Amino acid sequence: MTDIYVGDARLHVINQGFGPPLLLVHGFPLDHTMWRHQIRQFAGKYKVIAPDLRGFGASDITPGVVTMEDHADDLAALLDALRIDKAVFCGLSMGGYIGFEFVRHYSDRLAGLILCDTRAVPDTPEAAKNREALATKVLQEGTSALAADMLKKLFGPSTLEAGGDDIPSIRAVMENARPEGVAASLRGMAVRNDSRELLADIDVPTLVIVGEHDVISPPDEMKEIAEAIPGAEFLLVEDAGHMAPLEKPEQVNAAIADFLEKHAHVKV
Ligand code: MLT
């Protein structure tokens, strides 16, 4: 891991391998380790960049509100710092919300877009209110209650039943997440843009991936996203929940490998 400064924050970043760049953007309230199977597989052939976003993992925190645009700005600055012109952007859930902002502001930096288990709709007023309440609770009481509640929603039923190392390790990431960072991105997600209108204008190759049992980003909604983006490919991952890339790495990696083969290019 290396530390890279983007504006006023230091991001903790995996920067591994050589070849066309693949930027892996984690969900909430996680860190780069949710991409462990993708980092392992793709660093052999690609330059894999997997940051801990501002406020998460071992990166610096900005208290208050960190918007999806702020995160997208950080990622563009990260590419600048690494002297990377274009990358394939692969984001899960909050990482996908950030992906939409990246499309809005930096589409010329995209060689392709992979949207995993995410949503184009904004928060309803009620959801935004719940996020504010959760932010206050996390700041007062820490992240344990959030971790326990989210764990059940992140994984599909068969993953939860099978057990395995990923469940305690993701729980530990959430329990160790720092309240100020978590609260800032909760508030940022609450004010995120409606991206439904953007979908028809996405003009980079796109792959949409969703777990069959995802209760946070329902498959029907993701299918609509894929249908609205010109030429997008769609993969429904059987027996997986919201954490499809972690739960079913072989199937997800095969689809990503195929996509990268077609669309990731080395800058000459
Ligand atoms: C995530 O996985 O990033 C979050 O569940 C997204 C959200 O809370 O909307």
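The values are calculated or read from the model by the stated rules, or taken from the named source; none is laboratory data. Predicted model only: the values in this text are computed from it and were never measured. Reconstructed Cβ throughout: ideal geometry from the backbone, glycine too, with neighbour counts over all protein chains shown. To get the accessible areas, we keep the full protein, side chains included, count just its heavy atoms, and leave off ligands, DNA and RNA. Shrake-Rupley method; radii C 1.70, N 1.55, O 1.52, S 1.80 Å.
Applying the Kirkwood pairwise sum to the alpha-carbon positions of the range 113-203 produces a hydrodynamic radius of 15.0 angstrom. Only helices enter this figure: runs of n ≥ 4 DSSP H residues, each worth -39500 (n - 2.57), summed and divided by the residues of the chain, yield -13500 deg cm²/dmol at 222 nm to the nearest 500.
For the range 2-148, the residue among Pro20, Thr143, Ala127 whose Cα projects farthest onto the positive side of the dipole built from Cβ charges is Pro20. Rounded, prolate or oblate, given the Cα gyration tensor of the range 155-219, with a/c below 1.5 counting as rounded? Oblate is the answer for the range 155-219, as a/c is 1.5 or above yet b/c matches or exceeds a/b. Among DSSP bridges having both ends in the chain, what percentage is antiparallel? Round to the nearest 5. Expressed as a percentage, antiparallel bridges in the chain total about 30. Take the convex hull of the alpha carbons in the range 127-177; its mean projected area over all directions comes to 3.7 nm².
Relative to the Cα centre, what is the charge dipole magnitude of the chain, using +1 at the beta carbon of each Lys and Arg, -1 at the beta carbon of each Asp and Glu, and rounding to the nearest 20 debye? The dipole of the chain has a size of about 580 debye. Straight-line reach from Lys152: taking Cα to Cα under 30 Å and skipping same-chain neighbours fewer than 8 places apart, the lysines in range are Lys129, Lys137, Lys223, Lys248. Take the chain with all the other protein chains still there, run a 1.4 Å probe, and you get 42 Å² of accessible area per residue. Each other residue within a Cβ distance under 10 Å of Pro51 adds +1 if Lys or Arg and -1 if Asp or Glu, for a net charge of -2. Cα gyration tensor of the range 4-122, axes a ≥ b ≥ c as square roots of the eigenvalues: rounded (a/c below 1.5), prolate (a/b > b/c) or oblate? Since a/c stays below 1.5, the shape of the range 4-122 is classed as rounded. Relative to the 2.2 N^0.38 Å rule of thumb, the chain has a C-alpha radius of gyration ratio of 0.92.
If you take the square roots of the eigenvalues of the alpha-carbon gyration tensor of the range 61-163 and sort them as a ≥ b ≥ c, do you get rounded (a/c under 1.5), prolate (a/b over b/c) or oblate? Prolate, since a/c reaches 1.5 and a/b exceeds b/c. Using every pair of alpha-carbon atoms in the range 1-44, split the distances into 5 Å bins beginning at 0 and state the percent of pairs per bin, rounded to integers. All Cα pairs considered, the percentages come to 5, 19, 27, 27, 16, 6, 1. When both the range 190-240 and the range 58-131 are represented by their alpha-carbon centers, they are found 15 Å apart.
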